[in-house]
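Down below is the structure, laid out as structure tokens.
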Amino acid sequence: MLGLGELAISREPGSILKAMALGSCVAVVAVAPRYRAVGMIHVVLPDSKIDAEKGTIQPGYFADTGIPALLAQFRSAGVLNMRDLVIKLAGGAKVMAGNATFDIGKRNILACRKALWQNKMAPLGEDVGSNFSRTVWVAVDTGRVFVDSPGKGRWEL
Amino acid sequence: MSKELLFKMCQEVKQPPIRACELVIQLARSQDMDKAFSKNPLILDAVRAWQPWFEKLTGYECDGPTAWLHHLGAAVGAGLVASRILGLPNAPLAFAAGLLHDVGKYALSENLPKSNQSQPISEGKTFLDWEKAQVNYSHPEAGAMLAKEWGLSDDLVMLIQHHHQPTEAPLELRPLALAVHLGDIFAMMTGIDTPRDNMAYPLDPIADQYIKRDARWEMVVYPKLLLDIDSDLRRLNGVCEGQGGTRV
């Protein structure tokens, strides 16, 4: 289970990485099928400039520090070619009837995409925006990514 | 459901300790928001006194620790919005109202149908509409009745009643009601929620009258506010760890 701002990769058979109740937060999910490895970041905010120290201590909190940190963890685990990674994004919702004043979810999504582009990558799948809560999980064994939402059920991303 | 039945359901809600009510009344009268939340003795006492009261909310598919975190998160958010964004002198009142904003859910919880036995919320409807369709009352209405029962101040009663619709609060309380409304919404947006109704409420349009969007708001003020809510919530929840506080 990944709390706010946490980041993890796993190659342990049978294990699952999960981010619960994403509102405006974004889960960045990375799967390396050839290596049977999965990773996830629970991004809370777009840009670490507001608190550089936090970005160093807990890089997963921000999109701009979290994505390079996740990629570094994959490299450490032996996934050297980033083309081996399949990236998916989920979350980034906004409050019902809300306007851009409080739409940090959209900024989180854009910041994640930007950080991926800077690493010459792009998400293969997205389930983002709108105004509902999402729980996202990925299983090491299958690499499949699922989204649960209260009252809406479950679907595969 | 008649008002009598709602009253009966409120009577069945576990009474909070008298000391917990006294502390929240004292906090609501206080104007001391100079210290950080986790260094404010009155806030610490109130938080410690209320944490054990929060139990599971079956009708909202929420366990006790999660229900507690949602209330604490909304309190921190309400306090920070009131003091830092709206510049209100009585921010402790917003904190106190945030801490108890959803207590009405404890009156309704057992009477709501389970997810697999109820219609999903229709497009364009809010969770308040859904609650009323099920039991004739919404949790803010039930919360106001409970707060009155417990002898809390009129201001606290009104803030609990209007935390989803601050526009309908008495004029002098509207900025504080907005602070509680936003504290609740910010907690939900960061996933500190009661799962069944997360994000199923609209933002009240009054927010636009008080908060103007500009580059500084977007790039600095708002993200920093969310970051500080999370940090203060972790610190305050930490003081409850010895008495069963939960991991954030």
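Among the residues of the range B:51-69, is any more than 15 Å from the chain's Cα centre (by Cα) and more than 30 Å from B:Lys132 (Cβ to Cβ)? Yes, the range B:51-69 has at least one match. Residues of the range A:124-133 that are surrounded by 16 or more Cβ atoms within 10 Å (Cβ to Cβ) and modelled with pLDDT of 95 or more: A:Glu126, A:Asp127, A:Val128. Each residue in the range A:148-157 was checked for being of a type outside the set (Ser, Thr, Tyr) and within 14 Å of another protein chain (Cβ to nearest Cβ), and 6 of them qualify. The set of residues in the range B:63-105 that are over 28 Å from B:Ala207 (Cα atoms) and in contact (Cβ under 8 Å) with a residue 12 or more places away in the chain contains only B:Pro65.
Scoring B:Glu131 on the criteria (1) under 19 Å from A:Phe102 (Cβ atoms); (2) part of a helix (DSSP H, G or I); (3) within 14 Å of another protein chain (Cβ to nearest Cβ); (4) not β-branched (Val, Ile, Thr) leaves a single failure, condition (1). Selection of the range A:106-122 for residues being away from chain B (no Cβ under 14 Å) and of a type outside the set (A, V, I, L, M, F, W, C) yields A:Arg113, A:Lys114, A:Gln118, A:Asn119, A:Lys120.
Of the numbered criteria (1) buried (at least 20 other Cβ atoms within 10 Å of the Cβ); (2) over 20 Å from B:Val81 (Cα atoms); (3) modelled with pLDDT of 95 or more, the one B:Phe127 fails is (3).
Of the residues contained in the range A:15-23, none is found to be within 14 Å of chain B (Cβ to nearest Cβ), touching a strand residue (DSSP E or B) at 6+ places or on another chain (Cβ under 6 Å), at pLDDT 95 or above and assigned to a loop (DSSP other than H, G, I, E, B).
Here's the yes/no breakdown for (1) among the acidic types (Asp, Glu); (2) surrounded by 18 or more Cβ atoms within 10 Å (Cβ to Cβ); (3) within 14 Å of chain A (Cβ to nearest Cβ); (4) over 30 Å from B:Lys114 (Cβ atoms):
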residue: B:Tyr137; (1), (2), (3), (4): no, yes, no, no
residue: B:Met145; (1), (2), (3), (4): no, yes, no, no
residue: B:Phe186; (1), (2), (3), (4): no, yes, yes, no
residue: B:Met199; (1), (2), (3), (4): no, yes, yes, no
residue: B:Glu218; (1), (2), (3), (4): yes, no, yes, yes
residue: B:Pro223; (1), (2), (3), (4): no, yes, yes, yes
residue: B:Asp232; (1), (2), (3), (4): yes, yes, yes, yes
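Consider the range A:140-156 and keep the residues that are small (Gly, Ala, Ser) and at pLDDT below 95. The one that is farthest from the chain's Cα centre (by Cα) is A:Gly151. Scanning the range B:179-238 for residues that are in contact with a helix residue (DSSP H, G or I) (Cβ under 9 Å, 6 or more places away or on another chain), farther than 24 Å from B:Phe54 by Cα and small (Gly, Ala, Ser) yields a total of 1.
Would you be able to say whether some residue in the range B:223-236 is closer than 16 Å to A:Thr101 by Cβ and in contact (Cβ under 8 Å) with a residue 12 or more places away in the chain? Yes, the range B:223-236 contains a residue that is closer than 16 Å to A:Thr101 by Cβ and in contact (Cβ under 8 Å) with a residue 12 or more places away in the chain. Among the residues of the range A:90-120, those that are surrounded by fewer than 19 Cβ atoms within 10 Å (Cβ to Cβ) and either in a helix (DSSP H, G or I) or touching a residue at least 40 places away in the same chain (Cβ under 8 Å) (or both) comprise A:Ala100, A:Thr101, A:Lys106, A:Leu110, A:Lys114, A:Trp117, A:Gln118, A:Asn119.
The residues on offer are B:Asp208, B:Asp193, B:Asp228, and the sole one that is over 21 Å from B:Gln26 (Cα atoms), assigned to a loop (DSSP other than H, G, I, E, B) and within 14 Å of another protein chain (Cβ to nearest Cβ) is B:Asp193.
Filtered by the rule that a residue be assigned to a loop (DSSP other than H, G, I, E, B) and either out of contact with any helix residue (DSSP H, G or I) (no Cβ under 7 Å at 6 or more places or on another chain) or under 17 Å from A:Val31 (Cβ atoms) (or both), the range A:48-84 gives A:Gln58, A:Ala77, A:Gly78, A:Val79, A:Leu80, A:Asn81.
Among residues of the range B:36-48 that are surrounded by 18 or more Cβ atoms within 10 Å (Cβ to Cβ), those with a beta-carbon under 6 Å from a residue that is of a type in the set (Phe, Trp, Tyr) at least six positions away or on a different chain give the pairs B:Ile43/B:Phe37. For the range B:76-118, a residue qualifies if it is in a loop (DSSP other than H, G, I, E, B), under 12 Å from B:Val180 (Cα atoms) and of a type in the set (A, V, I, L, M, F, W, C), and exactly one does: B:Leu86.
The values are calculated or read from the model by the stated rules, or taken from the named source; none is laboratory data. None of the values given here were measured: they were computed from a predicted structure. Glycine also receives a Cβ, built like all others from the backbone with ideal geometry; neighbour counts cover every protein chain displayed.
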